[in-house]
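The values are calculated or read from the model by the stated rules, or taken from the named source; none is laboratory data. The model shown is predicted, which means the values in this text are computed figures rather than measured ones. So basically every Cβ, Gly included, is an ideal-geometry build from the backbone, and we count neighbours across all protein chains shown.
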């Protein structure tokens, strides 16, 4: 009996020590310190391709160094550097069945300075009336073949939106894709393109805690540190501070790094990454994902907009793609005895599982999920400050943020220790 009592006392003491440790590292004061810096006016909204995002990167790098994170292979310090290649179509001379096509009906995606297309080297496909335009456009835009895409006139309203986009990739493809609206058939055609190609440097910020017994199995904690920058003034304010989107998630990543470094007991390797270029196409996450064998990635905790309370109130968050794996159930089971709850994503119509930085690895089968509290319903029940200049630190709940971060830390313990492994995403079921 004395031995049992001693063991119970020892377990109780360990739990108390862990509770004290987590509260001393993850607390509202520290949340506010990091969040205040990342979302300050001095950062000017952390827009991709500006000096402002460089300041944000430098701050995160400094924090990772103070924490004592290791550097992963292929980084310059903690900077995972790569080039974003942008292409702007300078001219497009297109003849279809002997008729010249007006520039106003053309959208070009080509990363070659010049390109010549004809029926000899180019496939013709259609987007017909009634098709899912977004799905078809995405499918054809990602092909590696030369394509002439004939788009039904019912989708002409999409032209101006697509023309405002500058196609961007981090690998330079050698094919060209041309969308022509309002034409459904092409027996013969000739296309001559001239494009302006521009390479711009970007970087993720990445640090690591190497696993003790399973160093080749990876658990990833991520958030994106870019935002919208400077925009049209509203009430004399033009800075899109992005306090919730996603300085909040980046803050969580930095604090989790400090916590797990202090614990020093991770059996699997932990990767902490702040992604760039999420707001302009998720390019930071896409590049990062290509640096890993997805079979070695056990889980990904992507953290996006946790600064406000969820639809269920404080001490709660939801997990996108909850039904895709058993990761959510694992996390919740490790929170028994707490007052925190992880819920399935309540906004399935928004397709959030595919709209954040988890998506690239999830499509490769990794149990990669986004944790969020952001309300994505129709107004007035949505996030009132989403993508607005009013997304500032004063709109966030520091205490609740700290509780969410602690819940992520505690719920992930079985995965980090190597004792629990989430099921994989069934890639055949993804659409």
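Of the numbered criteria (1) modelled with pLDDT of 95 or more; (2) farther than 30 Å from residue 182 by Cβ; (3) exposed (fewer than 11 other Cβ atoms within 10 Å of the Cβ), the one residue 12 fails is (1). Residues of the range 138-156 that are at pLDDT 95 or above and either closer than 15 Å to residue 182 by Cα or in a helix (DSSP H, G or I) (or both): 140, 148, 149, 150, 151, 152, 153, 154, 155, 156. When 388, 406 are screened for being assigned to a loop (DSSP other than H, G, I, E, B) and assigned by TED's automatic domain parsing to the domain that holds residue 263, only 388 passes. Among the residues of the range 338-349, is any under 15 Å from the mean Cα position of the chain (by Cα) and assigned to a loop (DSSP other than H, G, I, E, B)? No, the conditions are met nowhere in the range 338-349. The listed residues are 109, 91, and the only one of them that is assigned to a strand (DSSP E or B), touching a strand residue (DSSP E or B) at 6+ places or on another chain (Cβ under 9 Å) and surrounded by 13 or more Cβ atoms within 10 Å (Cβ to Cβ) turns out to be 109.
Since residue 308 meets every condition but one in (1) buried (at least 19 other Cβ atoms within 10 Å of the Cβ); (2) over 18 Å from the mean Cα position of the chain (by Cα); (3) within 19 Å of residue 266 (Cα to Cα), which condition does it not meet? Single failed check for residue 308: (3). Taking each residue of the range 103-129 that is free of Cβ contacts under 8 Å to residues at least 60 places away in the same chain and looking for partners that are loosely packed, with under 15 Cβ neighbours inside 10 Å with beta-carbon atoms closer than 8 Å, six or more apart or interchain, yields 123/145; 126/184; 128/184.
Checking the range 377-385 against the condition returns no match, with no residue being crowded, with 23+ Cβ neighbours inside 10 Å, in contact (Cβ under 8 Å) with a residue 40 or more places away in the chain and not in a helix (DSSP H, G or I).
The C-beta contact set for the range 210-236 (first residue without any contact (Cβ under 8 Å) to a residue 24 or more places away in the chain, second residue not in a loop (DSSP other than H, G, I, E, B), distance under 7 angstrom, 6+ apart or interchain) comprises 232/238.
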